[in-house]
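The values are calculated or read from the model by the stated rules, or taken from the named source; none is laboratory data. Since we're looking at a predicted model, the values are computed, not measured. Positions of Cβ are generated from backbone atoms using ideal geometry, with glycine treated the same way; all protein chains shown enter the neighbour counts. Heavy atoms of the whole protein, side chains included, go into the accessibility calculation; ligands, DNA and RNA do not. Shrake-Rupley method; radii C 1.70, N 1.55, O 1.52, S 1.80 Å.
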Amino acid sequence: MTGLSAQEIKTGPSAEFIMAVVSQRNYKTAEEIVEIEKGVDTTVDMHVTAMKMVKPGMQELDIVVEIEKIARATGGDISFPTIATISGQTLHNHYHGNIIEAGQLFLLDCGAETSMAYAGDLSSTFPVGQTFTDLQKDIYNLVLKSHYACVDALKPGVTFKEVHRAACLTITEGLKSMGLMKGDAESAVEAGAHALFFPCGTGHMMGLDIHDMENLGEEFVGYGGEPKSTQFGLKSLRLGRVMEPDFVVTIEPGIYFIPELTDQWRSQKKFMEYLNYDEIDKFRDFGGIRNEEDYLITPDGKRLLGSKRKPMLIEEVEALRK
Ligand code: GLY
Ligand code: MN
């Protein structure tokens, strides 16, 4: 007995207590990994189903209904509110009322939760038509390049902040070569100019919650008690701490063309030395692209979770759209 009311307990956990819970739950046991992999496999099934079924004229909701059935049919549930949208540039967009049109990109970010409540969390972006356009391919391949730069960097001893930086630098260098950014890539990332296209984080801890234990505070779960950056972009990185074996993390860098943010920064003449606003303006209607996978940190590196692989390469995705 603590002698405290439920309300007092809710408002007053000590930092030591939170850290103790976090240090127990951040390290996943073999039994937990088995469960998480079941969630990931069901999530792959949800993605493959969506990739096959999307057609012009459908409503986004039609996809949501079909794929959420797959999660519930396992005796579990969805692990978070599904994002299934032709407006992928709007982050955490849960509106499903748009009619899907040919030529658009469809961004799906969804997950299954097992009956034991362990989560999967994957994202895909695929064309509504049979193939990506050349421009969509260019941005998609740059997102993939940044994704695999993160995967390459992921291992024990490396901070997730460094993994995130690998994504930011790859995106900046790629956008420079396409004429959308300019100047020194390292300085642009240091200043936060790339956050116009990537205003969120590369990933988060995953387990019983998709953003595992986020209610306990990201500074404890993702930063080991250290403060988070307040810089636009970096402040949305949920995870920055040193990677250790048995952590489960997501990798999900993306590129988003957000007209409202572009207009705001342009009117403020923000980062004129790094951003070619006239070129960026040509992408106003492009949308957003993200892929996401779930990884276990192992003693010598990382392992992609799940026995099924979500199609990621352009040829693999297009093969499902035929
Ligand atoms: N997949 C949803 C999220 O990471 O916020
Ligand atoms: Mn995620």
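For segment 157-186, filtering for residues that are assigned to a helix (DSSP H, G or I), in contact (Cβ under 8 Å) with a residue 12 or more places away in the chain and surrounded by fewer than 16 Cβ atoms within 10 Å (Cβ to Cβ) leaves 1.
For ASN26, the criteria (1) of a type in the set (S, T, N, Q); (2) within 26 Å of LEU296 (Cα to Cα); (3) open to solvent by 20 Å² or more (accessible area, probe 1.4 Å) hold in every case but one, which is (3).
Tell me, please, whether a residue that is in contact with a helix residue (DSSP H, G or I) (Cβ under 9 Å, 6 or more places away or on another chain), more than 16 Å from ligand 2 (Cβ to nearest atom) and under 30 Å from ILE297 (Cβ atoms) can be found in segment 119-137. Within segment 119-137, one or more residues are in contact with a helix residue (DSSP H, G or I) (Cβ under 9 Å, 6 or more places away or on another chain), more than 16 Å from ligand 2 (Cβ to nearest atom) and under 30 Å from ILE297 (Cβ atoms).
A Cβ distance below 7 Å, combined with a sequence gap of six or more or placement on separate chains, defines the contacts here; from segment 1-17, residues that are over 11 Å from PHE220 (Cβ atoms) reach residues that are open to solvent by 80 Å² or more (accessible area, probe 1.4 Å) and in a helix (DSSP H, G or I) in the pairs THR2/ILE9. Residues in segment 103-128 that are part of a loop (DSSP other than H, G, I, E, B) and within 9 Å of ligand 1 (Cβ to nearest atom) were compared, and the one that is nearest to TYR140 (Cα to Cα) is ASP121.
Out of all the residues in segment 64-95, which are aliphatic (A, V, I, L, M) and within 16 Å of ligand 1 (Cβ to nearest atom)? Those that are aliphatic (A, V, I, L, M) and within 16 Å of ligand 1 (Cβ to nearest atom): VAL64, ILE67, ALA71, ILE78, ILE83, ALA84, LEU91.
Which residue is most open to solvent (accessible area, probe 1.4 Å), if the candidates are limited to segment 251-269 and must be part of a loop (DSSP other than H, G, I, E, B) and free of Cβ contacts under 8 Å to residues at least 12 places away in the same chain?
If we take residues in segment 251-269 being part of a loop (DSSP other than H, G, I, E, B) and free of Cβ contacts under 8 Å to residues at least 12 places away in the same chain, then LYS269 is most open to solvent (accessible area, probe 1.4 Å).
For the condition touching a strand residue (DSSP E or B) at 6+ places or on another chain (Cβ under 9 Å) and farther than 30 Å from ALA319 by Cα, what is the one hit in GLU32, GLU68?
The match here is GLU32.
Determine whether CYS200 is part of a helix (DSSP H, G or I) and within 16 Å of ligand 2 (Cβ to nearest atom). When the stated conditions are applied, CYS200 does not pass them. Just one of (1) aliphatic (A, V, I, L, M); (2) surrounded by fewer than 23 Cβ atoms within 10 Å (Cβ to Cβ); (3) in contact with a strand residue (DSSP E or B) (Cβ under 7 Å, 6 or more places away or on another chain) fails for ILE63. It is (2).
Residues in segment 270-322 that are surrounded by fewer than 13 Cβ atoms within 10 Å (Cβ to Cβ), in contact (Cβ under 8 Å) with a residue 40 or more places away in the chain and among the aliphatic types (A, V, I, L, M): LEU313 alone. Every test in (1) more than 22 Å from the chain's Cα centre (by Cα); (2) in contact (Cβ under 8 Å) with a residue 24 or more places away in the chain; (3) exposed (fewer than 14 other Cβ atoms within 10 Å of the Cβ) is passed by TYR95 save one, and that test is (1).
The residue pairs whose first member lies in segment 206-225 and is more than 15 Å from ligand 1 (Cβ to nearest atom), whose second member is polar (S, T, N, Q), and whose beta carbons are closer than 9 Å, counting only pairs six or more residues apart or on different chains, are GLY224/SER23.
Once segment 209-227 is narrowed to residues that are open to solvent by less than 60 Å² (accessible area, probe 1.4 Å) and within 16 Å of ligand 2 (Cβ to nearest atom), the residue that is nearest to ARG165 (Cα to Cα) is GLY222.
Output the number of residues of segment 16-37 satisfying the condition of being aromatic (Phe, Trp, Tyr) and assigned to a helix (DSSP H, G or I). Give the derivation first.
Filtering segment 16-37 for residues aromatic (Phe, Trp, Tyr) gives 17, 27.
Filter again for assigned to a helix (DSSP H, G or I), leaving 17.
Result for segment 16-37: 1.
If the condition is being under 23 Å from GLY39 (Cα atoms) and either more than 16 Å from ligand 1 (Cβ to nearest atom) or assigned to a helix (DSSP H, G or I) (or both), then segment 226-250 contributes MET243, GLU244, PRO245, ASP246. Taken together, VAL65, VAL40 contain a single residue that is out of contact with any Gly (no Cβ under 8 Å at 6 or more places or on another chain) and assigned to a helix (DSSP H, G or I), which is VAL65.
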